[in-house]
Structures are given as structure tokens and as C-alpha cells.
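Accompanying notes for the structure given below.
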Amino acid sequence: PFNKEDNRSTKVNLKIVEGGTFSRVLRWESPEKVYKHITGILKTAPVEISTAEAHGVPEGWRVKISNVLGMKELNTETYYPVSKVLPGSFQINDINALGFNTYTSGGVVEYNKPASLENITGRMQIRSKVTSEEVILELNVSNGGIIIDNDLKTIIILITAEQTASLDFVTAVYSLELMEGNVVIPFINGSISLTKDVTR
């Protein structure tokens with residue numbers, strides 16, 4: 001996830017396999033914290049956590065658990081991605097609670113509120129280097145290379161197998177910008193390494 005209050009683009013290096021479909025799911029956090037009180041935790045694998053009210057956590061979003069009594073193994077500073085969203089509860093596939101202590105009471109789910117993507121579009125360019133005039137590949141919402149889903153709160157970079165098969169470089173650079181009306185928001189940037197495909 002990336003925080004909406006960041007003033008500069010975050011560096012993320014990508015790896016693409018020639019002739020393979022490339023997909024990367026991104027999530028955009030707002031700085032606003034959300035806290036939901038826990039009412040129950042099952043000793044299951046994966047662990048299942050229930051909240052007193054609708055938790056509002058999208059699938060794949062990261063959460064932190066704290067102040068739990070009984071099942072104190074969950075009280076860490078680690079953020080875990082939610083693997084499955086259920087009515088009034090959610091699961092965390094990364095946590096096996098079968099051997100944990102029994103939950104007795106208390107606990108809070110903490111996460112950063114997802115930024116609204118309602119009026120957001122995006123564009124991304126790949127160039128051999130930052131100063132290059134030639135654009136190797138351009139992705140945007142219109143051509144399907146950038147997919148924005150406000151319900152799931154996801155921003156997806158999608159490069160088709162046909163597009164990656166046409167790429168011919170060892171390393172290149174890219175940047176992804178989000179746009180809200182006339183406002184351009186630098187989001188992520190970095191290098192791209194291209195691995196040659198053996199099966200073709």
C-alpha cells in the first residue's frame with residue numbers, strides 16, 4: 001500500500017517476463033486511521049476475526065491487531081493482508097491460530113482508510129532511461145493497461161503477453177501517475193528488468 005499524503009512518487013522496481021502477462025495490484029492508503037472493536041476470534045487456520053460493527057476492510061487490505069486479551073499472540077506491530085472478507089468478520093491467511101491461547105475479550109482492528117478512487121484515472125510510461133524521448137510502452141485507463149476499481153480499492157497495472165513479447169530491453173525505467181481532474185499525482189516509479197522467456 002502507498003500513503004495518499006506522500007508528496008513524492010514511491011520507488012518500486014518491477015520484473016517482467018518476456019511473453020508472459022504482467023499484473024501488479026496496488027493499493028492507496030489515506031493517512032486517516034480506522035479502529036474497529038473486536039468481539040470474537042476463532043482458533044482456526046486461517047484465523048477469523050469478528051467485529052462489533054461493519055469493519056469496512058477490503059479484501060487484500062492490511063490490518064494490525066492490538067489490545068486482545070487471551071489470544072495475546074495477535075498483539076504485534078505487524079500489518080497482515082486480509083485474505084477473505086465475510087459479513088461482520090474477516091480472515092487473515094498469514095496467521096494460523098490453532099495453537100494460540102483462547103480469545104477472552106477486547107481487541108482492536110487498526111488500518112488506514114482506503115483513499116477514494118472514484119474520480120481517479122492513471123497513466124504509465126516505460127522509457128529506456130528518464131531522458132529518453134521515445135516511449136517504449138504507454139499504459140492508461142483507456143487502453144486497459146491501468147485498471148482502477150473503487151469498490152475493491154485497487155489500482156492494477158496490466159501488460160498483456162503480446163505486449164511483453166514485443167519488448168526488447170534488459171532494463172528500462174517507468175513512472176505511474178494518478179490524475180484527479182487537472183491534478184497530477186506522482187504515485188510510483190522505478191526500474192523494470194526484462195527476463196527472456198525460455199518457453200516460446
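The values are calculated or read from the model by the stated rules, or taken from the named source; none is laboratory data. Nothing here was measured: the structure is a model prediction, and the numbers come from that model. A quick note on method: Cβ atoms are made from the backbone with ideal geometry, for glycine too, and the neighbour counts reach across all protein chains shown. Accessible surface areas use protein heavy atoms only, side chains included; no ligands, DNA or RNA. Shrake-Rupley method; radii C 1.70, N 1.55, O 1.52, S 1.80 Å.
Step by step: first the residues of the range 1-22, then only those that are modelled with pLDDT under 95 and assigned to a strand (DSSP E or B), then the one that is surrounded by the most Cβ atoms within 10 Å (Cβ to Cβ). Which residue is that?
F2
Looking at the range 63-88 only, could you name the residues that are modelled with pLDDT under 95 and assigned to a strand (DSSP E or B)?
Across the range 63-88, the qualifying residues are K84, V85, L86.
State the number of residues belonging to the range 131-150 that are surrounded by fewer than 15 Cβ atoms within 10 Å (Cβ to Cβ) and either touching a Leu at 6+ places or on another chain (Cβ under 8 Å) or in contact (Cβ under 8 Å) with a residue 60 or more places away in the chain (or both).
Going through the range 131-150 one residue at a time, the tally reaches 3.
Within the range 53-65, is even one residue more than 21 Å from the chain's Cα centre (by Cα), over 17 Å from L152 (Cβ atoms) and of a type in the set (A, V, I, L, M)?
Looking for residues that are more than 21 Å from the chain's Cα centre (by Cα), over 17 Å from L152 (Cβ atoms) and of a type in the set (A, V, I, L, M), one finds none in the range 53-65, hence no.
Tell me, yes or no, whether the range 173-189 has at least one residue that is of a type in the set (D, E), assigned to a strand (DSSP E or B), modelled with pLDDT of 95 or more and open to solvent by 40 Å² or more (accessible area, probe 1.4 Å). Show your work before the answer.
To start, the set of residues in the range 173-189 that are of a type in the set (D, E) comprises 177, 180.
If we keep only those that are assigned to a strand (DSSP E or B) too, we end up with 177, 180.
Within this subset, residues satisfying the condition of being modelled with pLDDT of 95 or more are 177.
Filter again for open to solvent by 40 Å² or more (accessible area, probe 1.4 Å), leaving 177.
Among the residues of the range 173-189, at least one is of a type in the set (D, E), assigned to a strand (DSSP E or B), modelled with pLDDT of 95 or more and open to solvent by 40 Å² or more (accessible area, probe 1.4 Å), which makes the answer yes.
Which of the residues spanning the range 23-58 are outside any strand (DSSP E or B), among the hydrophobic types (A, V, I, L, M, F, W, C) and surrounded by fewer than 16 Cβ atoms within 10 Å (Cβ to Cβ)?
The first filter runs over the range 23-58 and keeps only residues outside any strand (DSSP E or B), leaving 27, 43-46, 52-58.
Now narrow it down to the ones that are among the hydrophobic types (A, V, I, L, M, F, W, C): 45, 52, 54, 57.
Passing the criteria: A45, A52, A54.
Quick one: D197 ticks every box in (1) charged (D, E, K, R); (2) open to solvent by less than 80 Å² (accessible area, probe 1.4 Å); (3) under 30 Å from K64 (Cα atoms) except a single one, so which number is it?
So the condition that D197 fails would be (3).
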